[in-house]
1. Using only Cα atoms, tell me the angle between helix 72-82 and the longest principal axis of the chain; keep it within 0 to 90° and round to the nearest 10.
2. Tell me the carbon and sulfur percent of the accessible area for region 5-82, rounded to whole percent, probe radius 1.4 Å.
3. Straight-line reach from K11: which aspartates and glutamates have Cα under 20 Å away, leaving out those fewer than 8 places along the same chain?
4. Give the calculated FRET efficiency between R63 and T18 to the nearest 0.05, with a Förster radius of 25 Å applied to their Cβ-Cβ distance.
5. Loop only per DSSP, at most 12 neighbouring Cβ atoms within 10 Å: give me the chymotrypsin sites (Phe, Trp or Tyr not before Pro) in the chain, ordered by residue number.
6. Please enumerate, by chain and number, the lysines with C-alpha under 17 Å from the C-alpha of K28, excluding those fewer than 8 residues away in the same chain.
7. Would you mind counting up the charge near H41? Only other residues with Cβ under 13 Å from its Cβ, with Lys and Arg at +1 and Asp and Glu at -1.
8. To the nearest 20 debye, what is the magnitude of the charge dipole of the chain about its Cα centre, counting +1 on the Cβ of each Lys and Arg and -1 on the Cβ of each Asp and Glu?
Amino acid sequence: MILFFGTRPGKTRTAALTGVSCPHCGNKGQLTASSTPNFIHIFWIPVYRLGTSLVAECSHCKRGFYKEDFSSEMKRAVEEQLR
Ligand SMILES: [Zn+2]
């Protein structure tokens with residue numbers, strides 16, 4: 001029996017973080033957050049959720065931020081918009 005097994009990302013959700021200022025350039029309302037869940041699948045059926053990769057990008061300075069770099073303001077906005 002051949003077992004098809006691997007990981008694949010789920011559906012990416014994006015949200016504009018309105019009213020949140022960019023930690024890099026300080027402009028407000030320029031950040032967009034996207035979250036992509038990662039699943040382990042067997043025969044293309046997601047069986048286990050590995051975690052969610054969460055990133056944000058500033059459309060003004062084009063800087064990307066990982067979850068670890070989020071300011072507390074960004075984290076709060078992401079939790080309100082993406083959960
Ligand atoms: Zn910026």
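1. Tilt relative to the chain: about 50 degrees.
2. Details: 2480 of 4960 Å².
Answer for region 5-82 is 50 percent, counting heavy atoms of protein chains only.
3. E57, E79, E80
4. Efficiency, rounded to the nearest 0.05: 0.90.
5. Hits after loop and neighbour filter: F4, F43, W44.
6. The reachable lysines, counting only those whose Cα sits under 17 Å from K28, are K62, K75.
7. +2
8. 160 debye
The values are calculated or read from the model by the stated rules, or taken from the named source; none is laboratory data. Bear in mind the structure is a predicted one, so any value in this text is a computation, not a measurement. Because the Cβ atoms are built from the backbone with ideal geometry, glycine has one as well, and the counts that use them run over all protein chains shown. Side chains are part of the model used for accessible areas, which takes the heavy atoms of the whole protein and leaves out ligands, DNA and RNA. Shrake-Rupley method; radii C 1.70, N 1.55, O 1.52, S 1.80 Å.
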